[in-house]
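S.K.: Pasting in a structure now, in structure tokens, and then I'll have a few things to ask.
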Amino acid sequence: MERVSDANQLAAPNNHHPVGLSSPTDPTAALARLRANLGGVLLGKPEVIELALTALLADGHLLLEDVPGVGKTLLAKALARSLDCSFHRIQFTPDLLPSDLLGVSIYHQPTSQFVFQPGPLFAQVVLADEINRATPRTQSALLEAMSDRQVTVDGQTRKLGPPFLVVATQNPYEFEGTYPLPESQLDRFLLRLPVGYPDRAAEKAVLGQHREGEPLNALQPVLHAQDVLALQQQVRQVRVDDSLNDYMLDLTDATRAHPEVYLGASTRAALALDRAAQALALLRGRTYVTPDDIKRLAGPVLSHRLLVKGARAGARSSRAQAIIAELLDGIRVPV
């Protein structure tokens, strides 16, 4: 059974210099070009592109939760091509084993030694397609990779990336033959967001665009992996006023005290919100975070980290989003 597709096409970065590369010292120009590149293939989804780039700049991972056919895979492929990064797509199935992700050591008879054959996790952008179809044992193999950017096989630790971005997908409406991600796994994703259907005008443009061929094939890189690392370092320099620290902590504290929430946002969740807000500010051309950045990100960053009482599996996400919106309305916004 073929575990990995698209590996031959996107497994290694291109050797040529990206077209129109912007200097990472000018993040506004570089990120504008990256936005435009992605927007040329993922039509009508500027907010999804913005949040995907926020996860990348914050050095986090992204969980796309939506029905098939709305562009989840396309987004991951386009991002890898735009960054000139290696890419692997892993189709998660119930019989997938941890070694299918991490790799195995194979005995090499001429040298009488074991040689490590890296698995598909050894890429800079990894698409974990239908991640909830794999067993918990296989899902847990991602924990070390996502949190520490490394894997340990046969007692030896091997680094991943940099950069290292996991884009995972799952269908929120299909539950037969799935293994819901545990809280510890969900907590490793910086953002969870739906892609949604495009509006009619964008969908009509998609029809016309694909008649001329696959637009992804013509996509050219606009940044190198080293440029991404430089931008991630600039994110850390974005200023967060102390009043905004209190604003974020007021929000996380409120989730813990809400009567419908069994388990509220953790300290790691507050750190995730802080770093994501810095990334969004840089993406929007600022060197400082505003309350609007935090408001925009509170749902995608915190909703999958809340355990809501009494909600059905399919309604937990929407109820958690509603609770966060309710809390934001009741918390004083710093001036």
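S.K.: In the stretch 53-73, how many are surrounded by fewer than 20 Cβ atoms within 10 Å (Cβ to Cβ) and closer than 18 Å to Gln220 by Cα?
M.R.: Count: 1.
S.K.: So for the stretch 281-296 (the condition being in a helix (DSSP H, G or I) and within 16 Å of the chain's Cα centre (by Cα)), does at least one residue qualify?
M.R.: Yes, the conditions are met somewhere in the stretch 281-296.
S.K.: Same structure again: Can you pull out the residues in the stretch 153-195 that are touching a helix residue (DSSP H, G or I) at 6+ places or on another chain (Cβ under 8 Å), over 17 Å from Pro300 (Cβ atoms) and among the β-branched types (Val, Ile, Thr)?
M.R.: Val153, Thr178
S.K.: So, one more: Considering the stretch 180-229 alone, what residues qualify as being modelled with pLDDT of 85 or more and closer than 24 Å to Glu144 by Cβ?
M.R.: Leu186, Asp187, Arg188, Phe189, Leu190, Leu191, Arg192, Ala225, Val228, Leu229 - these are the residues of the stretch 180-229 that are modelled with pLDDT of 85 or more and closer than 24 Å to Glu144 by Cβ.
S.K.: Within the stretch 241-266, work out how many residues are of a type in the set (Val, Ile, Thr) and over 14 Å from Ile331 (Cα atoms).
M.R.: Going through the stretch 241-266 one residue at a time, the tally reaches 1.
S.K.: Conditions: (1) in contact with a Pro (Cβ under 8 Å, 6 or more places away or on another chain); (2) under 30 Å from Val41 (Cα atoms); (3) not in a loop (DSSP other than H, G, I, E, B). Asp246 meets all but one. Number of the miss?
M.R.: Status for Asp246: all satisfied but (2).
S.K.: What are the pairs, 6+ residues apart or on separate chains, where a residue within the stretch 263-275 that is in contact (Cβ under 8 Å) with a residue 40 or more places away in the chain and assigned to a helix (DSSP H, G or I) has its Cβ under 9 Å from a residue that is of a type in the set (Lys, Arg) and surrounded by fewer than 20 Cβ atoms within 10 Å (Cβ to Cβ)?
M.R.: Taking only residues 6 or more apart or on different chains, the pairs are Arg275/Arg236.
S.K.: Among the residues of the stretch 121-146, what is the count of those that are among the hydrophobic types (A, V, I, L, M, F, W, C) and in a helix (DSSP H, G or I)?
M.R.: 6
The values are calculated or read from the model by the stated rules, or taken from the named source; none is laboratory data. Keep in mind that what you see is a predicted model, and the values were worked out from it rather than measured. Virtual Cβ from ideal backbone geometry, glycine too; neighbours counted across all protein chains shown.
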